[in-house]
Amino acid sequence: MRNLPVPGMDALALFDKITGEKRGEVSARLGRLRRRISSAYASYQANTDALQTIASAGIKGVREKALLHAYNSPTATMRSIRDNLIYPNIEDFDECPYCGINDPKTLDHYLPKETYPEFAVHPLNLIPICHICNSHYKRSQFLDGGARLFMHSYFDTFPAFDFIQLQVIVNREVILSFTNSSDPANPDFSILFGRHFRKLGLNERFVQKSAAEISRKRPALRRFYRNGGAAEVAQVLQQEANDFRVTLSGNHWKVALYSSLAGSQDFCDGGFLRTVKIR
Ligand SMILES: [Zn+2]
């Protein structure tokens with residue numbers, strides 16, 4: 001999981017361009033909505049640290065349809081917004097910022113367009129994430145009892161703390177269990193992270209990815225074990241964790257995986273040869 005730089009786009013100017021590119025009634029309806037859109041965009045910008053407080057503008061009927069049309073039937077400007085967000089100029093951007101697993105090739109409406117059609121084409125409300133997070137887990141969810149359920153990749157900045165923990169148990173199989181931990185210095189962030197972790201089913205998804213990762217590493221680990229025993233296996237795994245911490249940040253599942261495996265004497269002392277329990 002990671003943060004993304006805030007996209008530097010003039011949201012209202014882009015809305016105006018889309019309005020100009022649309023035809024007939026849709027264009028006219030978008031034009032008539034401009035004042036409400038302008039005020040909604042100002043509210044979004046002013047509340048990036050409290051997005052849960054933004055009230056829906058209550059736009060319904062044909063006007064709501066026009067806003068959704070602006071997103072669902074993209075004009076050249078909407079397509080360029082999409083391309084700029086999905087293909088940003090970031091060298092290592094090939095993983096979903098919500099999960100750190102799959103390609104981030106879909107746009108999430110952080111404030112769902114079903115409830116907040118006014119933000120259907122607002123770049124700051126569009127986060128490039130993977131299809132699995134978007135369609136299987138987040139869908140049109142946003143709040144529960146007034147509290148946000150997911151981290152916003154532009155505005156919820158990770159404190160320097162490892163929020164992903166992993167317990168490793170070696171029996172007849174290797175049993176992995178990912179959990180979220182709390183940073184005493186950042187209680188609100190910790191609670192938000194915990195909801196994000198659970199709502200996206202990250203334990204199960206991380207276990208699945210970890211099993212595949214371990215299975216591919218097994219031949220190399222066998223070699224290190226023959227050369228230098230458990231100590232060498234632990235050292236190699238720890239080195240891997242250190243490298244991933246630098247390249248992927250401390251809150252990536254691979255950092256939790258490799259550092260916890262390195263810390264498991266049972267795993268390093270031949271346990272890596274056993275199958276990982278997936279479910
Ligand atoms: Zn994802």
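Each reported figure results from applying straightforward, stated rules to the coordinates on display, with no laboratory input. All values derive from a computational prediction rather than experimental measurement. Here the Cβ positions follow ideal geometry from the backbone for every residue, glycine too, while neighbour counts run over all protein chains shown.
Between segment 1-79 and segment 161-192, what is the C-alpha centre distance in whole Å?
Between the Cα centre of segment 1-79 and that of segment 161-192, the gap is 38 Å.
Based on the mean of other Cβ atoms within 10 Å per residue, sort peptides 230-239, 105-114 so the most packed one is first.
105-114, 230-239
Which distance in nm do the two modelled labels at ALA211 and ALA46 give, with both placed 7 Å along the Cα-to-Cβ direction?
Taking the two extended label points, one gets 5.1 nm.
Evaluate the distance, in nm, between pseudo-label points positioned 7 Å from the Cα of SER135 and of LEU12 along their respective Cα→Cβ axes.
3.7 nm
Given a cut-off of 26 Å, name the pairs among LYS17/LYS113; LYS60/LYS138; LYS105/LYS138; LYS17/LYS199 whose C-alpha atoms lie farther apart than that in the structure shown.
Over 26 Å apart, Cα to Cα: LYS17/LYS199.
Distance from the Cα centre of segment 219-276 to that of segment 89-115, in angstrom?
If we compute the Cα centre of each part, the gap is 29 Å.
Taking the mean number of other Cβ atoms within 10 Å as a proxy for protection, how do you rank 246-255, 117-126 from highest to lowest?
117-126, 246-255
For segment 11-148, just say rounded, prolate or oblate: build the C-alpha gyration tensor, square-root its eigenvalues into a ≥ b ≥ c, call rounded for a/c under 1.5, and beyond that prolate if a/b exceeds b/c, oblate if not.
oblate
Once the Cα atoms of segment 81-128 are picked out, what are the Rg and Dmax in Å?
Over segment 81-128's Cα set, Rg and Dmax evaluate to 11.3, 34 Å.
Among PRO159, PRO128, PRO104, whose mean-square fluctuation peaks in a Gaussian network model of the chain (Cα, cutoff 10 Å)?
Judging by the Gaussian network model, the answer is PRO159.
Can you compute the modelled spin-label distance between ASP243 and THR53, with each label point 7 Å from Cα toward Cβ, in nm?
For ASP243 paired with THR53, the spin-label model returns 4.6 nm.
How far, in nm, would the chain grow between ARG34 and ASP103 when pulled straight, counting 0.36 nm per residue and subtracting the alpha carbon separation?
21.4 nm
Would you list the P(r) distribution for segment 164-273, with all Cα-Cα distances sorted into 5 Å bins from 0 and each bin expressed as a whole %?
2, 12, 20, 24, 19, 11, 6, 4, 1, 0
What is the spread of the Cα atoms of the chain along each of their three principal axes, largest first, in whole Å?
73, 35, 30
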